[in-house]
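Asks: Just passing along the structure, written as structure tokens.
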Amino acid sequence: MTNWDEIRTAYQVARLGTVSGAAEVLGVHHATVIRHIDALEARLGVKLFQRHARGYTPTEAGQDLARVAQTTDDQFLQLAGRIKGRGEGVSGELLVTSLINFSPLMVGALATFREAHPDLTVRFLTGARLFRLEYGEAHVALRAGSPPQEPDNVVQSFARQAVALYGSKSYLEKHGMPADESALAEHDFVGYDDPESRAPFAIWLRKSVPFERVTFRTEDGRVQEEAVRAGAGLGFISVQQAKRYPDLVQVLPPREEWSSPLWLVTHVDLHRTPKVQAFLQHLKDYAAASEAP
């Protein structure tokens, strides 16, 4: 129906609002931008933009086209990321994703991996949303919970992160060490703001302590950790992370029911590439060394 250059031009004009801005982004003359827009409007038989002194404003039809063009442009970029990941050497970009809670492990592993492979650029993406490996949004994902079920993904069991209940020395000096589990209901806790959180330790806490005792609430694991260290209450922290802070005291030892299984996930198209295989092995070795006494 049309060529992609014209659609891409229309998308950039809709995004930026000016012909000059679109021309700069696309690396073409402004006359080319105008010619593409005129040709596309003539071919579709609709006005895509309202022209005015300040620039171009997309009509309803222009907005519809821009939405479709943005999705297509995003998919092209993701495809390019996947293609880059298929190189034969350990170079280019390595995109890894996990929840922010696992950043101490992942940052250390990525830093040492980059040191061993100086031609590599590492990108570490964190967030609660599920990054789509099939679109090249990441080469390797570390996920927690039930085994990922997306088609065309390779899923490997990684580990269980030991989690224990901690309090700061300042908190325990003020409130005392709980004599047993029944005494926990008399203490303040740091936890998730969502009372229905599915984190394993949050489920246990909900059964053991009234939610009103969770007096410092936040969805960010880093903030929870800092709140426990600041003496805001007792809270759950990974044993490996807690070793870094001499001001933390273990109140209850780790339990399997407080931790989630961890999974390494890669896309089948990239799983066997040298870069991905090298990092998977490095991450496993790094995690094993970190757990060693």
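The values are calculated or read from the model by the stated rules, or taken from the named source; none is laboratory data. Everything quoted here is computed from the prediction, not taken from an experiment. So basically every Cβ, Gly included, is an ideal-geometry build from the backbone, and we count neighbours across all protein chains shown. Accessible surface areas use protein heavy atoms only, side chains included; no ligands, DNA or RNA. Shrake-Rupley method; radii C 1.70, N 1.55, O 1.52, S 1.80 Å.
Asks: Per-residue counts of other Cβ atoms within 10 Å, averaged by peptide: what ranking do you get for 234-241, 53-60, 99-106, highest first?
Replies: 234-241, 99-106, 53-60
Asks: Rolling a 1.4 Å sphere over the protein heavy atoms, what is the accessible area per residue of the chain, to the nearest Å²?
Replies: 53 Å²
Asks: List the aspartates and glutamates whose Cα sits under 12 Å from the Cα of Lys243, skipping any in the same chain fewer than 8 residues away.
Replies: Straight-line reach from Lys243, under 12 Å: Glu291.
Asks: Further question on the same structure: What aspartates and glutamates sit close enough to Lys174 to cross-link, taking a C-alpha to C-alpha distance under 16 Å and skipping anything fewer than 8 places away on the same chain?
Replies: The qualifying aspartates and glutamates are Glu186, Asp188, Asp247.
Asks: Hey, another quick one. How big is the shadow of the Cα convex hull of the range 4-83, averaged over all directions, in nm²?
Replies: For the Cα atoms of the range 4-83, the hull's average projected area reads 5.2 nm².
Asks: Would you mind getting me the FRET efficiency between Val239 and Arg132? Use the beta-carbon distance for r and R0 = 30 Å, nearest 0.05.
Replies: That gives a FRET efficiency of 0.40.
Asks: How much accessible surface area, in Å² rounded to 10, belongs to the heavy atoms of Phe189 with a 1.4 Å probe?
Replies: Counting only protein heavy atoms, the figure is 0 Å².
Asks: Would you mind calculating the gained length between Arg54 and Arg217 on full extension (0.36 nm times residue separation, minus the Cα-Cα distance), in nm to one decimal?
Replies: Result for the pair: 54.0 nm of gain on full extension.
Asks: If packing is taken as the average number of other Cβ atoms within 10 Å across a peptide's residues, how do 272-284, 148-160 rank, most packed first?
Replies: 272-284, 148-160
Asks: Additional query: Taking all protein chains as present, what is the carbon and sulfur share of the accessible area of the chain, in % to the nearest whole number, probe 1.4 Å?
Replies: Here it works out to 52 percent.
Asks: Relative to a virtual label point 7 Å from the Cα of Ser91 in the Cα→beta-carbon direction, which members of the range 113-143 show backbone nitrogen distances below 12 Å?
Replies: Under cut-off, by backbone N: 118-121.
Asks: Now for a different question. Return the distance in nm (one decimal) between the two label points of a simple spin-label model at Lys207 and Glu257, each offset 7 Å from Cα along Cα→Cβ.
Replies: Reported label-point gap for Lys207 and Glu257 is 0.4 nm.
Asks: Further, regarding this structure: Which aspartates and glutamates have a Cα lying under 12 Å from the Cα of Lys275, excluding residues fewer than 8 positions away in the same chain?
Replies: Within the straight-line cut-off, Lys275 pairs with Glu88, Glu93, Asp119.
Asks: Using r as the Cβ-Cβ distance of Val25 and Val107, and R0 as 45 Å, what FRET efficiency do you calculate, to the nearest 0.05?
Replies: Calculated value: 0.85.
Asks: Take the alpha carbon atoms of the range 162-293, find their radius of gyration, then divide it by 2.2 N^0.38 Å using N residues; give the quotient.
Replies: Ratio of Rg to 2.2 N^0.38 Å for the range 162-293: 1.24.
Asks: If packing is taken as the average number of other Cβ atoms within 10 Å across a peptide's residues, how do 195-208, 4-17 rank, most packed first?
Replies: 4-17, 195-208
Asks: Here's another thing I want to ask about it. Please give, to one decimal in nm, the separation of the simple spin-label points placed at Glu173 and Ser157, each 7 Å out from Cα toward the Cβ.
Replies: Taking the simple label geometry, Glu173 and Ser157 are separated by 4.4 nm.
Asks: Please list the non-local residues whose amide H lies under 5 Å from the amide H of His267, H modeled 1.01 Å from N, same-chain partners needing a gap of 5 or more.
Replies: Answer set, sorted by chain and number: Val154.
Asks: Still on this structure, I have one more. For Val28, Val90, give the ranking by accessible area with the largest first, probe 1.4 Å.
Replies: Accessible-area ranking of Val28, Val90, largest first: Val28, Val90.
Asks: Could you point to the residue in Ala53, Pro147, Gln161 farthest towards the positive end of the chain's charge dipole, with +1 and -1 charges on the Cβ of Lys/Arg and Asp/Glu respectively?
Replies: So the residue furthest toward the plus end is Ala53.
Asks: Another one. Do me a favour and compute the ellipsoid semi-axes for the chain from its Cα gyration tensor, root of five times each eigenvalue, largest one first, whole Å.
Replies: Computed over the chain, the values are 49, 25, 16 Å.
Asks: Ignoring everything but the protein chains, give the 1.4 Å probe accessible area of Asp180 in square angstrom, nearest 10.
Replies: We get 80 Å² for Asp180.
Asks: Percent of Cα-Cα pairs more than 18 Å apart in the range 98-239, please.
Replies: When all Cα pairs of the range 98-239 are counted, 64 percent exceed 18 Å.
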